[in-house]
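Notes follow the structure.
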Amino acid sequence: MKFKIIIAGGLAAAMAVAGLAGCASERQAQAQLQAQAKISKAQAAIAALAKVPGGRIKEAELDNENGNLVWWFDIVTPGSKDNTEVSVDANTGGVILVATEVPEPPGKEK
């Protein structure tokens with residue numbers, strides 16, 4: 001019985017280390033992309049928030065989309081259940097896309 005606990009604990013520790021390594025490699029990839037971007041996250045956020053008055057950034061990510069660096073922002077607006085996704089070109093600062101996701105009414109989710 002003790003042997004099983006040790007293995008389970010070892011497995012949990014190995015999984016935790018693997019998860020941390022995944023987070024570290026993701027942070028490293030983001031840092032490399034940010035080094036290539038001409039527009040900072042803060043500059044891109046200003047452009048994104050200008051498209052969603054009163055919005056608050058819930059999540060932000062820099063991504064390589066077919067060779068183009070793009071800042072993606074998920075923006076929520078207080079008092080609304082809608083989620084707005086705004087993408088900003090990381091080289092020019094121009095807004096590429098503004099898309100509002102409206103949640104399904106209760107019982108209508110897929």
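Does Ala37 count as within 18 Å of Gly67 (Cα to Cα), in contact with a strand residue (DSSP E or B) (Cβ under 6 Å, 6 or more places away or on another chain) and either at pLDDT 80 or above or in the same structural domain as Gly94 (by TED's automatic domain parsing) (or both)?
For Ala37, the condition - within 18 Å of Gly67 (Cα to Cα), in contact with a strand residue (DSSP E or B) (Cβ under 6 Å, 6 or more places away or on another chain) and either at pLDDT 80 or above or in the same structural domain as Gly94 (by TED's automatic domain parsing) (or both) - is met.
Does region 41-79 hold any residues that are under 16 Å from Ala29 (Cβ atoms) and small (Gly, Ala, Ser), and which are they?
Ala60, Gly67
Restricting to region 49-84, give me the number of residues that are loosely packed, with under 13 Cβ neighbours inside 10 Å and either modelled with pLDDT of 95 or more or among the charged types (D, E, K, R) (or both).
Of the residues in region 49-84, 6 are loosely packed, with under 13 Cβ neighbours inside 10 Å and either modelled with pLDDT of 95 or more or among the charged types (D, E, K, R) (or both).
For region 50-63, what are the residues that are in a strand (DSSP E or B) and closer than 17 Å to Gly93 by Cβ?
Ile57, Ala60, Glu61, Leu62, Asp63 - these are the residues of region 50-63 that are in a strand (DSSP E or B) and closer than 17 Å to Gly93 by Cβ.
The values are calculated or read from the model by the stated rules, or taken from the named source; none is laboratory data. Only a predicted model underlies this, so the values are computations on that prediction, with no experimental measurement involved. Counting neighbours? That spans all protein chains shown, and the Cβs are built from the backbone with ideal geometry, glycine included.
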